[in-house]
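Written below as structure tokens is the structure these notes are about.
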Amino acid sequence: MEIPITYYLYLSIIVFTIGLIGIFLNRKNLIVLLMSIELILLSANINFVSFSNYYQNIAGQIFVFFNLSIAAAEAAVGLAIIVIFFRKKDSIHVDDINILKG
Amino acid sequence: MTIFLFFIVSILIITSSLLVITSKNPIHSVLFLILVFFNTSILFLFSNAEFLAMVVLIVYIGAVAVLFLFVIMMLDINIAKLRQTFLNYLPIGLLVGFIILLELIYIVSQSKLNFTQKISINNNNISNQMLDNTKTIGNILYTDYFLLFQISGIILLVAMIGAIFLTIRKREGAKKQNIYKQILKK
């Protein structure tokens, strides 16, 4: 039996909202914030793949590639920033990040 | 049967992504993130994207999640201290997230998607070429989307150089090669 596309859409909506709430609630740890961003990108990928299957068009799967490469680049640069921040302040608590405050 | 498997995989994705954002220990968060990625690759297999399922396994679990694990292992984070101000932002965050969830569910439930039949729009068709998924992706990716492919490679190169440049440390006493000095030496 074929899975309806709306099920995929509801699943990706729920994952997107969980990632968004993770960004809102997260006051403890920068790494979990990056993981929430990964969850949001993953929900976009689920949407792309399900619509690619629905319209029988391969372009959706190709855009998932670009999403993957951007997610990998973002994770690498974000984790590098976290590492140098930890070296400077000895903490990655979100409330400690106020160096740019004037 | 497929729909039963779909529900199992979706429930696993939702519960483990909830555990990603709520667990105390960041290591547990990364492990549940790996579970989310694995189940998503199973979901991609359901929608006929075999190559992308394997790419998600290799890139996300093999590279990104392991990178997260390495960084968490290198940073010495105090777990008890991290939970101090967690509940301050809980009501407003839950409110905003709930409103966004309701709006998105409303949009999808009002949509005119006819999910009983599949539509084919143009000639980038999956089914009329008798090729497998990987070959189809290759045929489109290296012809129509070649420029975007090159640009994403450049973005990855810039990210690599940026990560190396950010984390390089200039310490006193560390031996380092100075190429200009070495070349200009008589």
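The values are calculated or read from the model by the stated rules, or taken from the named source; none is laboratory data. Values in this document were obtained by computation on a predicted structure and should not be read as measured data. In this analysis, Cβ positions are derived from the backbone assuming ideal geometry, glycine residues included, and neighbour counts consider all displayed protein chains.
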Exercise. Failed condition for B:ILE154, given (1) of a type in the set (A, V, I, L, M, F, W, C); (2) modelled with pLDDT of 80 or more; (3) in a loop (DSSP other than H, G, I, E, B), with all others met?
Worked result: (3)
Exercise. Identify, please: which residue in region A:1-16 is outside any helix (DSSP H, G or I), within 7 Å of chain B (Cβ to nearest Cβ) and not β-branched (Val, Ile, Thr) and is, among those, nearest to B:LEU95 (Cα to Cα)?
Worked result: A:PRO4
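Yes or no, residue by residue, for (1) buried (at least 17 other Cβ atoms within 10 Å of the Cβ); (2) facing chain A (nearest Cβ under 7 Å); (3) at pLDDT 90 or above:
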{"residue": "B:LEU35", "(1), (2), (3)": "yes, no, yes"}
{"residue": "B:PHE38", "(1), (2), (3)": "yes, no, yes"}
{"residue": "B:ALA49", "(1), (2), (3)": "yes, yes, no"}
{"residue": "B:ALA53", "(1), (2), (3)": "yes, no, yes"}
{"residue": "B:LEU75", "(1), (2), (3)": "yes, yes, no"}
{"residue": "B:ARG83", "(1), (2), (3)": "no, yes, no"}
{"residue": "B:ILE107", "(1), (2), (3)": "no, no, yes"}
{"residue": "B:LYS118", "(1), (2), (3)": "no, yes, no"}
Exercise. Looking at (1) in contact (Cβ under 8 Å) with a residue 12 or more places away in the chain; (2) closer than 19 Å to A:PHE16 by Cβ; (3) of a type in the set (Gly, Ala, Ser), which is the one condition that is false for B:ALA53?
Worked result: (2)
Exercise. What residue, among those in region A:17-37 that are more than 7 Å from chain B (Cβ to nearest Cβ) and over 23 Å from B:ILE99 (Cβ atoms), is nearest to the chain's Cα centre (by Cα)?
Worked result: A:LEU34
